[in-house]
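First the structure, in the form of structure tokens, and then the observations on it.
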Amino acid sequence: MRRRFAESLALVFSIASLGAGAASGPSSLEAAKVTNPPVISTSGHTIKKAKKSQPYQVGTASWYGDYFQGKETASGEPYDMRDFTAAHPSLPLGTFVKVTNLRNGRTVVVRINDRGPVVDGRIIDVSYNAARALGFKERGLQKVRVDLYQPTTVAQLQPVANIN
């Protein structure tokens, strides 16, 4: 119960920082791309616009749920379809990614805790709750954009000592 609360709290902080427009520092992963800030020329009034960051991946996402509930993930933790987690074939376990549904623009931040997808042509399997939040639970598959994400604040996910 405490672990789920701590994970939920970490997720709320990470989503809150997205909504507030907080800038995250550069990722330690080699694949992360950092956008260039706008350049203002002092000799004239020319402003060079910043380049848009390139997505880490764009492709088809799927979701997994009840059948895998409680089964061990690649990270060793039990799968919980209510958590905002995902399976990715190559990103390091524990990596946070922002997944954007390209059909409706909805976005969630998930933590990679498993390996997959096992079906060719899919780039990520998100948990049941992540699929619900992204608005494609009923469809099953959706074209998404995956971006590496580094939360600015992460709550420590350690058990709290019993104070009895």
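Once the chain from Thr152 to Thr60 is taken as fully extended at 0.36 nm per residue, the excess over their C-alpha distance is 30.3 nm. Net charge in the neighbourhood of Tyr67 (other residues with Cβ under 15 Å of its Cβ; Lys, Arg +1, Asp, Glu -1) is -2. In this label model, Glu138 and Glu72 are separated by 3.9 nm, measuring between points 7 Å along each Cα→Cβ vector.
Here is the result for the stretch 111-152: no chymotrypsin sites (Phe, Trp or Tyr not before Pro) lie in DSSP coil with at most 10 other C-beta atoms within 10 angstrom of their C-beta. Sorted ascending by nearby beta carbons within 10 Å, beginning with the fewest, Ser62, Ser53, Ser127 become Ser53, Ser62, Ser127.
When you filter the trypsin sites (Lys or Arg not before Pro) in the stretch 87-120 for DSSP loop state and at most 13 other Cβ atoms inside 10 Å of their Cβ, you are left with Arg103.
Just so you know, all these numbers are worked out from the coordinates, no wet-lab data involved. Fair warning: this is a prediction, and the values are worked out from it, not measured in the lab. Heads up, the Cβs are rebuilt from the backbone with ideal geometry, glycines too, and the neighbour counts pull from every protein chain shown.
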